[in-house]
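The values are calculated or read from the model by the stated rules, or taken from the named source; none is laboratory data. As the structure is a prediction and not an experimental result, all values here were calculated from the model. Note: ideal-geometry Cβ built from the backbone for every residue, glycine included; neighbour counts use all protein chains shown. The area values use the complete protein model at the heavy-atom level, side chains included, leaving out ligands, DNA and RNA. Shrake-Rupley method; radii C 1.70, N 1.55, O 1.52, S 1.80 Å.
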Amino acid sequence: MEKITIGLDIDGTITDFSGFLLRVSPRYMKKHYGLNIKDPSGYDIDEMYNLKEYTENHENKIGLSAHKIVKLFWTKHFISYCLGNNCRKGMAEFTEKCSEIANIAIFTSRDRSTAKGITGVFVRCCTRLQLKKYKIKYDEIIFFSDDEAKINGIINYRPDYMIDDKAVILKNLEDNIKTVCISAPYNFDINQSD
């Protein structure tokens with residue numbers, strides 16, 4: 001019997017992305033920018049702390065864009081995110097069971113994962129170490145520069161199933177790819193029929 005293919009995302013699917021941000025970001029953002037969480041259901045710190053509004057109102061004082069603040073946060077916390085205990089409960093067992101009947105392809109659009117040079121190598125190595133630490137079974141991993149490239153990559157790869165936490169990615173996949181949206185604070189408003 002030929003194996004099916006399951007596509008699997010990392011951040012927010014294999015990992016508890018929002019849980020990590022809710023645990024780690026408040027102290028950092030308060031210390032460096034005097035900010036408290038404005039929207040705990042935001043996807044990343046730019047949404048959680050409404051950084052666009054913050055930088056528009058304070059740009060001349062701090063001299064940083066919202067994008068730069070996010071980059072600084074992740075430069076400091078990327079290793080602890082990858083190598084800390086951020087795996088969703090049961091994911092190792094899930095991938096172990098799935099690997100008996102399916103090929104597992106991981107699709108990720110981690111920032112800087114496609115960069116040339118040492119930065120890209122570092123991000124890709126940390127990602128693979130993270131999956132090894134969490135005992136995640138997979139056959140291959142494909143890195144993308146952003147979500148749009150990831151969507152196109154998934155469509156071209158054509159897995160039978162795609163499991164992701166971002167509804168916007170799943171909604172953009174073709175009808176013949178079955179999708180599963182992992183529940184997270186930033187997608188609670190998604191209707192199951194969407």
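At-a-glance table
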{"item": "Every residue from region 17-44 that is buried (at least 18 other Cβ atoms within 10 Å of the Cβ) and closer than 15 Å to ALA184 by Cα", "result": "PHE17, SER18, PHE20, LEU21, GLY42, TYR43, ASP44"}
{"item": "Test: SER145 is open to solvent by less than 60 Å² (accessible area, probe 1.4 Å), small (Gly, Ala, Ser) and under 29 Å from ASN50 (Cβ atoms)", "result": "no"}
{"item": "Residue in region 123-139 that is in a helix (DSSP H, G or I), open to solvent by 90 Å² or more (accessible area, probe 1.4 Å) and closer than 12 Å to PHE107 by Cβ present", "result": "no"}
{"item": "Hits in region 55-95 - residues which are among the charged types (D, E, K, R) and under 21 Å from the mean Cα position of the chain (by Cα)", "result": "LYS68, LYS71, LYS76, ARG88, LYS89, GLU93"}
{"item": "All positions within region 168-194 that are modelled with pLDDT under 90 and surrounded by 15 or more Cβ atoms within 10 Å (Cβ to Cβ)", "result": "ALA184, PRO185, TYR186, ASN187, ILE190"}
{"item": "Residue count for region 63-91, restricted to those that are under 22 Å from VAL121 (Cβ atoms) and open to solvent by 40 Å² or more (accessible area, probe 1.4 Å)", "result": "7"}
{"item": "Helices (runs of 4 or more DSSP H) wholly inside region 1-118 containing at least 1 residues that are within 17 Å of LYS135 (Cα to Cα)", "result": "66-83, 91-101"}
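Residues checked against (1) in contact (Cβ under 8 Å) with a residue 24 or more places away in the chain; (2) touching an Asp or Glu at 6+ places or on another chain (Cβ under 8 Å); (3) of a type in the set (Phe, Trp, Tyr):
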| residue | (1), (2), (3) |
| --- | --- |
| VAL121 | no, no, no |
| ARG124 | no, no, no |
| LYS132 | no, no, no |
| ILE155 | no, yes, no |
| TYR161 | yes, no, yes |
| LYS166 | yes, yes, no |
| ILE169 | yes, yes, no |
| ASP175 | no, no, no |
